[in-house]
Amino acid sequence: QQKVQQSPESLSVPEGGMASLNCTSSDRNFQYFWWYRQHSGEGPKALMSIFSDGDKKEGRFTAHLNKASLHVSLHIRDSQPSDSALYFCAAFNYGNEKITFGAGTKLTIKP
Amino acid sequence: EAAVTQSPRSKVAVTGGKVTLSCHQTNNHDYMYWYRQDTGHGLRLIHYSYVADSTEKGDIPDGYKASRPSQENFSLILELASLSQTAVYFCASSGLGGLDTQYFGPGTRLLVL
């Protein structure tokens, strides 16, 4: 079982709507999180990092971290067709200093 | 923006053959990584390096070797390619290791027949 689990596996949202992606860790050594986005045929690109409890907002993207429950979420408001991509949650393991990626959520924005 | 390039972009190899994937970064980053991507598994770390002439094992190193001859270059070597190594391979670099953003290359699509 992966130590960083993402849900849902796929998500379809109408253009202009809100997309919500979730990520949960099963290891308390994972304390620092990133969200990466990968468009088809490209390498992943970092969207944002979140290291402290609470919300972090960057433009249309808001990440929320709850360290007690090891849960991080990403919310995309006013979704655009260009937001259609594979989204990865990545967590830094403080114990072995490695990054672990989740399996990803495929987001489709319907025009 | 940080730049990571990979070559080749795609390759067809035969089972049992040797495959070398190359990665070059111009970011002046100390850390470099090799990942493989498979549907349903996301990105899995194969090898990484934080200094030239030294490499470290990631989570799935079996069947792979890595080489870091300089700060800019990092290679992934499959000495005896197998069908199960068919995947997309990504190289990445970062400045400060695990607590820093990783910059990915465009990927190499490897098909082993």
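The values are calculated or read from the model by the stated rules, or taken from the named source; none is laboratory data. Computed from a predicted structure; not experimentally measured. Cβ sites come from the backbone with ideal geometry, for glycine too, and all protein chains shown count toward neighbours.
Yes or no, residue by residue, for (1) within 12 Å of the chain's Cα centre (by Cα); (2) outside any loop (DSSP other than H, G, I, E, B); (3) more than 8 Å from chain A (Cβ to nearest Cβ); (4) without any contact (Cβ under 8 Å) to a residue 60 or more places away in the chain:
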site	(1), (2), (3), (4)
B:TYR89	yes, yes, yes, no
B:ALA92	yes, yes, no, no
B:GLY98	no, yes, no, yes
B:THR101	no, no, no, yes
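Rundown of residues vs (1) surrounded by 13 or more Cβ atoms within 10 Å (Cβ to Cβ); (2) of a type in the set (D, E, K, R), yes/no style:
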residue	(1), (2)
A:VAL13	yes, no
A:SER25	yes, no
A:TYR36	yes, no
A:GLU42	yes, yes
A:ILE50	yes, no
A:LYS57	no, yes
A:ARG60	yes, yes
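With respect to A:ALA46, is the statement that it is among the hydrophobic types (A, V, I, L, M, F, W, C) and under 12 Å from the mean Cα position of the chain (by Cα) true? Considered against the rule, which asks whether it is among the hydrophobic types (A, V, I, L, M, F, W, C) and under 12 Å from the mean Cα position of the chain (by Cα), A:ALA46 comes out as yes. Only residues that are more than 8 Å from chain B (Cβ to nearest Cβ), at pLDDT below 90 and either crowded, with 22+ Cβ neighbours inside 10 Å or closer than 19 Å to A:HIS71 by Cα (or both) were counted in segment A:84-100, giving 2.
Yes/no matrix, rows are residues, columns are (1) over 19 Å from B:GLY98 (Cβ atoms); (2) in contact with a Ser or Thr (Cβ under 6 Å, 6 or more places away or on another chain):
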| residue | (1), (2) |
| --- | --- |
| A:ASN22 | yes, yes |
| A:TRP35 | no, no |
| A:LEU47 | no, no |
| A:ILE50 | no, no |
| A:THR62 | yes, no |
| A:SER69 | yes, no |
| A:ILE76 | yes, no |
| A:ASP83 | yes, no |
| A:GLU97 | no, no |
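When segment A:40-55 is filtered for residues that are within 14 Å of chain B (Cβ to nearest Cβ) and either under 30 Å from B:THR5 (Cα atoms) or modelled with pLDDT of 95 or more (or both), the ones remaining, listed by number, are A:SER40, A:GLY41, A:GLU42, A:GLY43, A:PRO44, A:LYS45, A:ALA46, A:LEU47, A:MET48, A:SER49, A:ILE50, A:PHE51. For segment A:83-103, a residue qualifies if it is touching a residue at least 12 places away in the same chain (Cβ under 8 Å), out of contact with any Cys (no Cβ under 8 Å at 6 or more places or on another chain) and not in a strand (DSSP E or B), and the qualifying residues are A:ASP83, A:SER84, A:TYR94, A:GLY95, A:ASN96, A:ALA103.
The number of residues in segment A:1-44 being in contact (Cβ under 8 Å) with a residue 60 or more places away in the chain, small (Gly, Ala, Ser) and under 29 Å from B:SER10 (Cα atoms) comes to 1.
Right, B:LEU111: part of a strand (DSSP E or B), over 24 Å from A:ASN96 (Cβ atoms) and in contact (Cβ under 8 Å) with a residue 12 or more places away in the chain or not? So B:LEU111 passes the test. In segment B:76-102, how many are surrounded by fewer than 23 Cβ atoms within 10 Å (Cβ to Cβ) and farther than 19 Å from B:THR20 by Cβ? Final tally of qualifying residues: 7. With respect to A:LEU70, is the statement that it is more than 18 Å from A:SER12 (Cβ to Cβ), within 14 Å of the chain's Cα centre (by Cα) and within 14 Å of chain B (Cβ to nearest Cβ) true? Spelling it out, it is not the case that A:LEU70 is more than 18 Å from A:SER12 (Cβ to Cβ), within 14 Å of the chain's Cα centre (by Cα) and within 14 Å of chain B (Cβ to nearest Cβ). Evaluating A:ARG60 against the criteria (1) over 22 Å from B:GLN37 (Cα atoms); (2) of a type in the set (Lys, Arg); (3) at pLDDT below 95 leaves one unmet condition, (3).
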